[in-house]
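Enquirer: Structure below; questions to follow.
Rule-based calculations on the coordinates, nothing more; no lab input. Here the structure is a predicted model, which is why all the values come from computation and not from measurement. All Cβ positions, even for glycine, are placed from backbone atoms using ideal geometry, and neighbour counts span all protein chains on display.
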Amino acid sequence: MNLFGQTRTSVSSRHALIAPDGHVPSQFPGWENATAIVIISPAMGAKLSQILITFKADSNQAPFPSDAHEHALYIESGSCQVTLPDRSLDLPTTSFLYLPPHTPFTLHGSSDARITLFRKIYQPLPDLAPPPITHGLASDVPGEPFLGFDNARLQTLLPLDPAFDLAINIFTYQPGATLPFVETHIMEHGLLMLQGQGIYRLEDAYYPVQAGDAIWMAPYCPQWFVAMGAVPASYLYYKDIHRLP
Ligand code: UGY
Ligand code: MN
C-alpha cells in the first residue's frame, strides 16, 4: 500500500527506471503457475524485451513459441528446467542460457526461481548461421578489470563470436567504484540490479538504484554509475553487438 503515490520509477522516451513496487503481471497463452512482469518492451520504444519470470508452484510451465525471436536468460535464484524439442536442460542458480531464433521452449521453475529473460528479433548475417544453444554458469566466468580498473569487473557470459548479435554481461563494482566515464553509444541496454546499490546517471538525471531495480537505456542514452554502500554492487545487462547500423 502506497499512501502518498510515491515511487522511484521513472519512464521517459529515452530511458526508464522500473522499481519493483510498480510491477504488474501479464498473462500469456499456455502459462500455468508462472508470472511474467514485462519490464522493458517495444511498447516503450525499446528493440528488446526484458521479462522477469517467477513461479507459484512446483507444477508450472511458461511456453515460448518458435519464431524469429532469440532469447537469453539468467537464473537469479532457484533453478529452472528448460524443455526443448529434442532434450531438456537443468539450470541451477547463476546459470545463463542463449536460445537462437526458431527454437520453441518451455520453462519450468522451482518455486523460488527468479529468471530474467531478454528477447528480441535476431539479425542474421548473410553467410553466418545463428549461434547454437549455449549455456553455462556465471560463477565459472572470470571477472576482468573494466578498461584496466581492478575495482570494476566485467563477466562476459556469451562467447565473443560474430554470430551472436547480443551480449549479456555481469558488471560488479566495489563500493565507491564508478563507470570510468559517461558512456554514450549506439548500443541499447536492458539492465537488472542484482546486488547492492548506487547512483545511475541516465541522460541528465541521477537516480538512486538498488537490487531488484531494472533500467532501460535507449541507444545514445548518456550513462554512468557509482556504487555506494557497504557491499559491492552488481548488475546483469543486455547489449546489442556485432551488427552494422
Ligand atoms: O558494455 C557497456 O556498454 C557497459 N559498460 N555499460 C554500462 O554498464 N552502462
Ligand atoms: Mn554501456
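Enquirer: Taking the beta-carbon count within 10 Å as an exposure proxy, list Phe4, Phe55, Phe181 from fewest neighbours to most.
Expert: Ascending number of Cβ neighbours within 10 Å: Phe4, Phe181, Phe55.
Enquirer: Another question about this same structure. How would the stretch 123-186 be classified by its alpha-carbon gyration tensor: rounded, prolate or oblate, with rounded meaning a/c under 1.5 and the a/b versus b/c comparison settling the rest?
Expert: oblate
Enquirer: Under 27 Å between alpha carbons, and skipping anything fewer than 8 positions from Lys47 in its own chain: which lysines qualify?
Expert: Reachable lysines: Lys120, Lys239.
Enquirer: Moving to a separate point now. Please report the spacing between the Cα centers of the stretch 59-98 and the stretch 124-161 in Å, no decimals.
Expert: 18
Enquirer: Within a 10 angstrom radius of the beta carbon, how do Thr178, Thr54 rank from fewest other beta carbons to most?
Expert: Ordered from fewest to most neighbouring Cβ atoms within 10 Å, Thr178, Thr54 come out as Thr178, Thr54.
Enquirer: Using Cβ contacts closer than 10 Å as the measure, can you line up Trp216, Trp31 from fewest to most?
Expert: By the 10 Å Cβ count, ascending, the order reads Trp31, Trp216.
Enquirer: Hey, what did the chain get for relative contact order, percent, Cα under 8 Å, at least 6 apart?
Expert: 17
Enquirer: If R0 is 35 Å, what FRET efficiency do you get for Ile121 and Phe149 from their C-beta distance, rounded to 0.05?
Expert: Given R0 = 35 Å and the Cβ-Cβ separation, E is 0.55.
Enquirer: Would you kindly calculate the translational diffusion coefficient of the stretch 28-70, applying Stokes-Einstein with the Kirkwood radius from alpha carbon pairs, for 10 °C and a viscosity of 1.306 mPa s, and quote it in µm² s⁻¹ without decimals?
Expert: 136
Enquirer: May I have the convex hull volume per residue, in Å³, for the Cα set of the stretch 24-138?
Expert: Normalising the Cα hull of the stretch 24-138 by residue number yields 108 Å³.
Enquirer: Report, please, the projected area of the stretch 89-148 averaged over directions, based on the convex hull of its C-alpha atoms, in nm².
Expert: Mean shadow area of the hull around the Cα atoms is 6.4 nm².
Enquirer: Next question, about the same structure. Just to be sure I follow: if Rg is taken over the C-alpha atoms of the chain and Rh is the Kirkwood radius over the same atoms, what is Rg/Rh?
Expert: 0.95
Enquirer: Also, I was wondering about something else. What are the semi-axes of the equivalent ellipsoid of the stretch 55-106, taken as the square roots of 5 times the eigenvalues of the Cα gyration tensor, listed largest first and rounded to whole Å?
Expert: The equivalent ellipsoid of the stretch 55-106 has semi-axes of 19, 13, 10 Å.
Enquirer: By how many nm would the segment from Asn2 to Ile241 grow when fully extended, if each residue of separation counts as 0.36 nm and the alpha-carbon distance is taken off?
Expert: Residue separation times 0.36 nm, minus the Cα-Cα distance, leaves 82.0 nm.
Enquirer: Would you please state the base-10 log of I(q)/I(0) at q = 0.21 1/Å for the stretch 140-240, with intensities from the Debye formula using one equal scatterer on every alpha carbon?
Expert: Values, matching the q order: -1.16.
Enquirer: Using the Karplus curve 6.51 cos²θ - 1.76 cosθ + 1.60 with θ = phi - 60°, work out ³J(HN,Hα) for each residue of the stretch 229-240 in order, rounded to whole Hz, and write x for Gly and Pro.
Expert: Here the 3J(HN,Hα) series is x, 8, 10, x, 9, 9, 9, 8, 9, 9, 8, 7 Hz.
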